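Before any comments, here is the structure.
The values are calculated or read from the model by the stated rules, or taken from the named source; none is laboratory data. All values derive from a computational prediction rather than experimental measurement. Here the Cβ positions follow ideal geometry from the backbone for every residue, glycine too, while neighbour counts run over all protein chains shown. Note: areas computed on protein heavy atoms with side chains; ligands, DNA, RNA excluded. Shrake-Rupley method; radii C 1.70, N 1.55, O 1.52, S 1.80 Å.
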Amino acid sequence: MPGELTVSLSTEELASGSPEERATFGLFSVTANERLLTAGQDSESDELRHGPYVAGYPLAEWLAWNWWKLRWELGRPSRQDARRRWDFAHRMATIGEGYAWPNIMIFSDGMQSFLESEPSRSPGAVLFRYIGAQRREAVSTEEMESAFDGFIESILARLEDHDIRDTNLHSLWNDLAIEREDPEVTRFRRLEAQLGYDPDDVDEDTVNQHLSDAVRLGEGALGEIAGDAAFRGNRDDRMLFASEISDIALRDGFDGNMNDAVRLADETILPQPGAVRAWRVGESAALDLRDQLDLNGEWVSDRKLSEFAGTTTGVISDTNRRSDAMSFLLDRQSNSARVVLRSKWETGRRFELARLLGDRVLGHQMRYAGESLFPATRTYSYRQKVQRAFAAEFLSPFAKVDEMLNGDYSEEAQNGVAEYFKVSPMTIRTQLVNRGRIEVEDAPDIAGRGAD
């Protein structure tokens with residue numbers, strides 16, 4: 001379960017600098033889940049400390065300005081130029097102002113927030129050498145909000161104690177408080193951040209057009225396709241409008257009947273989304289559904305998988321009929337739907353169809369029941385991670401995978417199991433990493449992909 005986050009700053013004297021710096025100078029530390037993320041060594045004295053000496057004012061400014069992106073923007077985009085833009089809003093080391101800020105990356109998957117710390121990359125060239133091993137800590141988004149809000153307010157209190165008022169931080173914080181109190185402004189800022197833009201750096205009419213699509217597609221689905229556009233990282237790869245999604249469904253999709261699709265039994269009890277890692281929710285749902293369908297650990301044929309999803313086998317076999325944008329299921333009237341897949345390969349299409357099945361099956365538990373669009377994107381939002389975990393467990397149940405491998409985790413053995421279940425080798429490797437059978441270092445193709 002995601003734990004606690006503490007962001008603290010002691011009170012120390014600073015001989016020179018701006019009034020804001022002198023009023024907010026101290027030893028800075030960050031602790032997540034009782035793990036210190038800022039530990040390091042002073043390069044001059046060799047003293048080991050819990051963190052660096054910094055001014056809290058520029059950090060508070062950075063947190064206030066990037067608040068929406070820290071809360072809602074997903075992990076790093078795929079394109080290098082977009083990653084540089086992303087870094088300035090999510091990496092503390094970019095704050096600057098002459099201080100040795102921690103190598104901490106902060107981002108969200110929509111339900112949980114993550115702090116990833118790294119040791120100093122060039123330890124001989126910095127004033128404070130961060131020595132912590134690279135690791136990622138998960139906290140709830142509410143915990144992150146509370147910790148950052150509390151830190152900003154503590155900095156404002158210090159400024160007040162020194163009779164410093166009407167700073168840029170005061171203005172940023174007041175504006176942010178007003179925005180967060182207004183539901184419509186919150187919707188706008190959230191989508192703006194999900195698209196990867198700074199506040200007021202996007203065309204307002206375009207965002208409002210997308211927000212109006214929520215009536216047709218669903219609020220949650222809107223955020224997923226916004227995140228997918230940002231993940232691709234090219235500002236020309238814009239977010240699709242509802243009308244364009246409908247056109248793709250008609251052109252590239254396959255008919256589906258949701259009355260024929262399987263559903264989890266009403267009495268099924270699953271882990272609470274957000275309270276545990278995403279893969280545990282997806283895996284649990286897949287186990288329950290497999291048990292409900294008496295699949296007994298065996299592989300799922302194309303015919304059965306298509307039937308379970310309420311569509312025909314052509315959706316898997318017709319690899320020429322596909323969308324470059326994303327895979328999705330779009331509900332229409334009277335329980336009819338269109339199913340669109342993206343992959344060129346049969347194993348990929350099987351996995352995508354299983355993801356869509358899981359997304360639909362988990363609608364009530366994930367609180368997006370009633371939406372008409374069920375997207376499977378390339379991002380690593382909580383919803384997409386749940387989908388991937390569901391698909392992996394449904395198509396290749398881990399108990400059977402582990403039994404077949406029998407302790408042999410070689411690449412050859414993994415490939416043999418993947419071929420048996422008609423999934424990709426990466427699916428098997430991800431399951432082995434999640435279950436602690438192999439380390440991430442032994443599965444380089446999933447490193448950094450957000451297996452949380």
Take the residues in region 296-319 that are part of a helix (DSSP H, G or I) and among the acidic types (Asp, Glu), then tell me which one is nearest to TRP345 (Cα to Cα). ASP302
Take the residues of region 331-367 that are over 23 Å from the mean Cα position of the chain (by Cα) and part of a loop (DSSP other than H, G, I, E, B): which is surrounded by the most Cβ atoms within 10 Å (Cβ to Cβ)? ARG332
Which condition breaks for VAL315 when tested against (1) crowded, with 18+ Cβ neighbours inside 10 Å; (2) over 24 Å from GLU244 (Cβ atoms); (3) of a type in the set (Val, Ile, Thr)? (2)
Restricting to region 253-267, name every residue that is surrounded by 13 or more Cβ atoms within 10 Å (Cβ to Cβ) and among the polar types (S, T, N, Q). ASN257
Reported set for region 165-186 where residues are open to solvent by 90 Å² or more (accessible area, probe 1.4 Å), in a loop (DSSP other than H, G, I, E, B) and in contact with a helix residue (DSSP H, G or I) (Cβ under 8 Å, 6 or more places away or on another chain) is ARG165
Which residue out of ARG190, ARG238, ARG135, ARG180 is closer than 30 Å to THR38 by Cα, at pLDDT below 95 and not β-branched (Val, Ile, Thr)? ARG135
Quick check: anything in region 292-302 buried (at least 20 other Cβ atoms within 10 Å of the Cβ) and closer than 17 Å to PHE398 by Cβ? yes
Return the residue satisfying two criteria in turn: it lies in region 1-21 and is touching a Phe, Trp or Tyr at 6+ places or on another chain (Cβ under 8 Å) and part of a strand (DSSP E or B), and of such residues it is surrounded by the most Cβ atoms within 10 Å (Cβ to Cβ). VAL7
For region 37-129, which helices (runs of 4 or more DSSP H) that fit wholly inside it have 2 or more residues that are within 20 Å of the chain's Cα centre (by Cα)? 67-72, 80-90
Unmet requirement for LEU63, which otherwise passes all of (1) at pLDDT below 95; (2) touching a helix residue (DSSP H, G or I) at 6+ places or on another chain (Cβ under 6 Å); (3) surrounded by 21 or more Cβ atoms within 10 Å (Cβ to Cβ): (1)
Residue, nearest to GLY256 (Cα to Cα), within region 318-330, restricted to residues that are open to solvent by less than 20 Å² (accessible area, probe 1.4 Å) and among the small types (Gly, Ala, Ser): SER327
Does LEU270 meet the test of being modelled with pLDDT of 95 or more and surrounded by 15 or more Cβ atoms within 10 Å (Cβ to Cβ)? no
Do you know which residues across region 196-226 are under 18 Å from the mean Cα position of the chain (by Cα), under 30 Å from ILE155 (Cα atoms) and without any contact (Cβ under 8 Å) to a residue 60 or more places away in the chain? TYR197
Conditions (1) of a type in the set (Ser, Thr, Tyr); (2) under 24 Å from SER78 (Cβ atoms); (3) touching a residue at least 12 places away in the same chain (Cβ under 8 Å): number failed by THR268: (2)
Within region 146-164, restricting attention to residues that are over 15 Å from TRP65 (Cβ atoms) and open to solvent by less than 30 Å² (accessible area, probe 1.4 Å), which residue is nearest to the chain's Cα centre (by Cα)? ALA147
Within region 408-427, can you find the residues that are touching a residue at least 24 places away in the same chain (Cβ under 8 Å), open to solvent by 50 Å² or more (accessible area, probe 1.4 Å) and in a helix (DSSP H, G or I)? TYR420
Quick check, is VAL30 of a type in the set (A, V, I, L, M, F, W, C), assigned to a strand (DSSP E or B) and more than 22 Å from the chain's Cα centre (by Cα)? no
Suppose the filter is at pLDDT below 90 and among the small types (Gly, Ala, Ser); does ALA418 pass it? no
